[in-house]
Amino acid sequence: EGLELYDGNKKKFRPGRVSSQHVAYQFLNGATADEVAKYKAAIDALEPASDSCADLYKAYLPVHETFVDVTRKLYHGTVEGAARVYNSDANLKRKNESLFAYCEKHVYGDQNREEMCRGRRYELTGSDELRNMIECIFRGLRYIKHGDINIDEIVRDFALINRDDLEPRVRSILSDCRGIQPYDYYSCLLNSDISNEFKLAFDFRDIRSADYAYIVKGNTYDAEKVAAEMDKTEKEVCG
């Protein structure tokens, strides 16, 4: 889903996404036109039984196993490919850097550290910098998808702190939220009766964003561990 290889509206896989990725990074990924064409053809031929996660996984798995080396090249999964990408642009998010830290660096740089730290402590300062940082984070987390709020992704983060019981409330708050910018939705959550739970979910996502394999490695939510990590980071960043 994150790679947008499947179109849930049309109920079809999207081989064209492979072409877009290849063209965008063809000078960096090392994938050949022939292997990309074969990978696309394999995706195009897929006919999942339904659009459930289980059926999509079952349909795609044989293609993944056959073309795993190609996908690693295309999506920067090789050491050499990742190094070429990082070396091509100093502004890219670095390995083991959380999205939140990247957005802080990108928006604030070395300026307005006090204001940045107020935002880190969940103060709604309303500044242009904080608005831009929240937009950077929301887009990076896929909280914004195709220009609209992606409530499913936010609900998922609540579920990962074992608060999936709050799904109806999360959906209600975001559906009733006035405004269209990421900062508006962020403010609605922070001003709601589930503000504390949102902060816990957001903090856990902060930590996971530094390691895309965090969940795959078997890590689960540990409130004390997350709090300790966040305190450590704040001391390093804000003193």
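What follows is calculated from the coordinates using simple rules that are stated; it is not laboratory data. Keep in mind it's a predicted model, so treat the numbers as computed, not measured. We place every Cβ from the backbone using ideal geometry, glycine too, and count neighbours over all the protein chains shown.
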*Please report, in Å, the Rg and the Dmax of the range 148-197, where both are computed over Cα atoms only.*
10.1, 29
*Say R0 is 35 Å: what FRET efficiency, to the nearest 0.05, do THR66 and ARG171 get from their beta-carbon distance?*
0.35
*In nm, give the distance between the simple-model label positions of LYS10 and ILE180, each being 7 Å from the Cα along the Cα-to-Cβ direction.*
2.6
*asked:* In whole Hz and in residue order, list the ³J(HN,Hα) couplings for the range 121-138 that follow from phi through the Karplus curve 6.51 cos²θ - 1.76 cosθ + 1.60, θ = phi - 60°; x for Gly and Pro.
replied: 8, 6, 7, 8, 6, x, 5, 4, 5, 5, 4, 5, 5, 5, 5, 4, 5, 4
*So how do LEU74, LEU189, LEU46 line up by other beta-carbon neighbours within 10 Å, fewest first?*
LEU46, LEU189, LEU74
*Where does helix 99-108 land angle-wise versus the long Cα axis of the chain, in degrees 0 to 90, nearest 10?*
60
*Tilt of helix 223-238 relative to the longest C-alpha principal axis of the chain, in degrees (0 to 90, nearest 10)?*
80
*Return the loop-located GluC sites (Glu not before Pro) in the range 1-73 (DSSP other than H, G, I, E, B) with at most 12 other Cβ atoms within 10 Å of their own Cβ; answer none if there are none.*
GLU1
*Describe numerically, in nm with one decimal, the distance between label points set 7 Å from Cα along Cα→Cβ at GLU114 and at CYS53.*
4.5
*Can you tell me the FRET efficiency between CYS238 and SER20 if r is taken as the Cβ-Cβ distance and R0 is 35 Å, rounded to the nearest 0.05?*
0.35
*Gain in span if fully extended, TYR214 to LYS105, counting 0.36 nm per residue against the direct Cα distance*: 37.0 nm
*Amide H neighbours of ILE149 under 5 Å, at least 5 residues apart or on other chains, H built in the peptide plane: list them.*
none
*Whole-Hz ³J(HN,Hα) from phi, Karplus 6.51 cos²θ - 1.76 cosθ + 1.60, for the range 181-192, glycine and proline x*: 8, x, 4, 5, 5, 4, 5, 4, 5, 6, 8, 8
*Quick one, what does Rg over Rh come out to for the chain if you take C-alpha atoms and the Kirkwood Rh?*
0.98
_Residue-by-residue Karplus 3J(HN,Hα) for the range 18-24, coefficients 6.51, -1.76, 1.60, Hz, glycine and proline x_ = 5, 4, 4, 5, 5, 5, 5
